[in-house]
Amino acid sequence: MTNQEFDILLNSRIEKIKSVLQSKAKEYAKTDRLHNFKIAAEINKQTPERALWGMFMKHFVSVKDLVDDLETIPILPNEKVIDEKIGDAINYLILLEALFIERLKKATSKSYKI
């Protein structure tokens, strides 16, 4: 992959991340994008980070399966599948980062700059 092709891939992924996370915010959480993880945590008596981690594992396993399938299935996944699986995993890691930052802000009572 050339540097130019990689830059195109990177810019495309960044735009997809923004689009998906913004549209999902409207769908799932009107005021707090981390709401579902906090409620899941309450229900399961765990931290929001642990609740998200459990949900993330589904996406991680999907990506792992893509990698594993390269060795056992002679047909490559199509770009749509790759895009969806990689995108989901990246988005969950961004949401996990948000939970960490929120917890850090509360613990230090200071604004955290990224």
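Determine whether the stretch 60-76 contains at least one residue that is among the charged types (D, E, K, R), within 24 Å of residue 25 (Cβ to Cβ), open to solvent by 100 Å² or more (accessible area, probe 1.4 Å) and over 16 Å from the mean Cα position of the chain (by Cα). No, the conditions are met nowhere in the stretch 60-76.
Among the residues of the stretch 76-93, is any among the hydroxyl-bearing types (Ser, Thr, Tyr) and free of Cβ contacts under 8 Å to residues at least 40 places away in the same chain? No, the stretch 76-93 has no match at all. Among the residues making up the stretch 96-110, those that are open to solvent by less than 90 Å² (accessible area, probe 1.4 Å) and either more than 23 Å from residue 50 (Cβ to Cβ) or touching a helix residue (DSSP H, G or I) at 6+ places or on another chain (Cβ under 6 Å) (or both) are 96, 99.
Report, by residue number, each residue of the stretch 6-42 that is open to solvent by less than 50 Å² (accessible area, probe 1.4 Å) and more than 13 Å from residue 87 (Cβ to Cβ). Result: 25, 29, 32, 34, 37, 38, 40, 41. Just one of the listed residues (43, 82, 75, 90) is in a loop (DSSP other than H, G, I, E, B) and in contact with a helix residue (DSSP H, G or I) (Cβ under 9 Å, 6 or more places away or on another chain), namely 75.
The values are calculated or read from the model by the stated rules, or taken from the named source; none is laboratory data. Worth saying up front: this structure is predicted, and the values here are computed from it rather than measured. Note that we place each Cβ from the backbone using ideal geometry, even for glycine, and neighbour counts take in every protein chain shown. The area values use the complete protein model at the heavy-atom level, side chains included, leaving out ligands, DNA and RNA. Shrake-Rupley method; radii C 1.70, N 1.55, O 1.52, S 1.80 Å.
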